[in-house]
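Here the structure comes first, spelled out in structure tokens, and everything after it is commentary.
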Amino acid sequence: MSTALTLPNNFGAVSTLFQGQSDDNLSSGITGGFAVMSYKGKVWTIRAGGTELPLMREDGDGPRGSIEVVIVKSSPFISKVYYKNGYVPGSDEAPDCFSNNGTAPDPSIQAPQCDNCAACPMNAWGSRVNNQTGKQGKACADSKRLAIMPLEDLANKGKLGPMLLRVPAASLQDTKNYAHALKGYGYDYFTVGSRISFDAQEAFPKFIYNAIRPLSDQEAQLCLAWRNSPEVENILNAVETAPKPAAPATPFEQPPATTAPAQDGTIAAQIAALQAQLQAKAAQQAQPAAPPPPPPAPEKTAQQLEIERLQAALAAAQKPADPPPPPPAPEKTPQQLEIERLQAMVAAAQQPAPPPAPTKTPEQLQMEALQKQLAEMNAQKEAEAKAVAEKEAEKERKKAERAAKKAAEEAAKKAAEEANADPAPAPAAPSANDTLAALQAQLAALQGGQAAQAPQPTQQVLQGEVIPPAPAAENALSTASIEAKLAALMGKTA
């Protein structure tokens, strides 16, 4: 059954009472399908309306190895998709769980695996093991949704609009590195044309990004319009559903019902061919019934016909004119591109150089030299003083060591002598002759009056008894005493 709307020729004009009234609520909230750029088997393929178009090389000899696109807008989130029994190529079944924001399952999921993605066991590393390679991974696959447009068809001549490109988990880090590298050169990812190809060293599709050229002003105007369009928002936020035959393409990388190989070279031409196929397919599926014959028009008076004519003219005059479509971006020749590149280099070379450092006067230079010389002399004096102090300290240390060593040696020698010496003999008693001689000398001193002038009074010994020197007042008594002792001694001696 056809969904096309056909109005009879005499349907009539809008009542003048509706002038200035407009309401789009009937279509708001209802989104249409969108094309998907897939890469199954490392073959770039456009899927739209149940039709699949592999992108071929310009010479027709095999599939294209890369695509030249503009990444119009990127989802800020990491999407997640989980198939309980694993994804089966060719299957039309919807995933058991998915999330467009990577935070929580989509509200449409009836049996979510977990309330939040971070704690989900299917999102943990090691929840899936490749049966062929034995490598671990996650059962819930990560990806990132991008809205892209062909670089040579930002004006949408192919009428296919922006397309969804799902970045696989293995290419997420490369995507991040590409965005940061462009940012380092002063470009955002949507301001340049990008070439996306596959890493030949990997068996699975892994993206490689390269920048082609900056967008022109006309292309930038078209890109900004697409970034704010509902079509792009639909691509980045559409609810994942299971694909159905002859229905608009879904965001899942699943094979559609039919395949239509492309024959032309450029992506824009192949998109136009795909659009023609979709239109032909829609015309074949649409079997509109023959419109009923219009009822016979009643005869109108001349006044009624004039009123209708004036009403139609007034409605046509009050109807706002459709804005002209944006002009297509002019294609630039290689010479123009080279001129633009050289102009950019010249502009960069003509940037004003930084101002030179202020020159110093001879007096300032001489003062700096003297200050430097003074600082060096002070440093040298400090070094010499430090060396002298260290030398004196070393002398004192050696002197102390020698003194300590000598003291230790003397102590050891004295200890050895005391240990080895014989006991000291008792002092021998003075002989009688010695005692007699001493007494005679003392007596002569006392008799001569010289006892008081002796510089060092001596102690005399008599028969082992110490006799202290007598004071001057007692000389007579002492003399008598000594004479008595002397006589006694002499008597004993005889």
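Using the Cα coordinates of region 311-424, the gyration tensor eigenvalues translate into equivalent-ellipsoid semi-axes of 103, 31, 17 Å, sorted from longest to shortest. How much FRET efficiency would the formula 1/(1 + (r/R0)^6) give for Lys398 and Lys372, where r is the Cβ-Cβ distance and R0 is 35 Å, rounded to 0.05? That pair, Lys398 with Lys372, gives E of 0.35.
Loop-located trypsin sites (Lys or Arg not before Pro) in region 42-140 (DSSP state not H, G, I, E or B) with no more than 12 neighbouring Cβ atoms inside 10 Å: Arg57, Lys84, Lys135. Remark: the Asn228-Asp188 segment gains 12.8 nm on full extension, using 0.36 nm per residue and subtracting the alpha carbon distance. Between Val43 and Gln350, the modelled label-to-label distance comes to 5.2 nm, taking each label 7 Å out from Cα in the direction of the beta carbon.
Gain on full extension, evaluated as 0.36 nm per residue between Lys332 and Ser127 minus their Cα-Cα distance, stands at 68.7 nm. Here the peptides 111-117, 97-103, 145-151, 335-341 are ranked by packing, the mean other Cβ count within 10 Å, and the order with the highest first is 145-151, 97-103, 111-117, 335-341. Ordering of 195-205, 384-394 by packing is 195-205, 384-394, highest average first (other Cβ atoms within 10 Å, averaged per residue). Would you mind getting me the FRET efficiency between Asp174 and Ala118? Use the beta-carbon distance for r and R0 = 25 Å, nearest 0.05. Approximately 0.55, to the nearest 0.05. Label reach from Glu202 (point 7 Å along Cα→C-beta): in region 153-194, amide nitrogens under 14 Å belong to 166-178. Highest-first packing order for the peptide set 351-357, 162-168 is 162-168, 351-357, based on the mean count of other beta carbon atoms within 10 Å.
Laboratory data are not the source of any read-out in this text; all were calculated from the coordinates shown. These numbers were taken from a predicted model, which means no experiment stands behind them. Quick reminder, even Gly has a Cβ in these numbers, built from the backbone with ideal geometry, and neighbours come from all protein chains shown.
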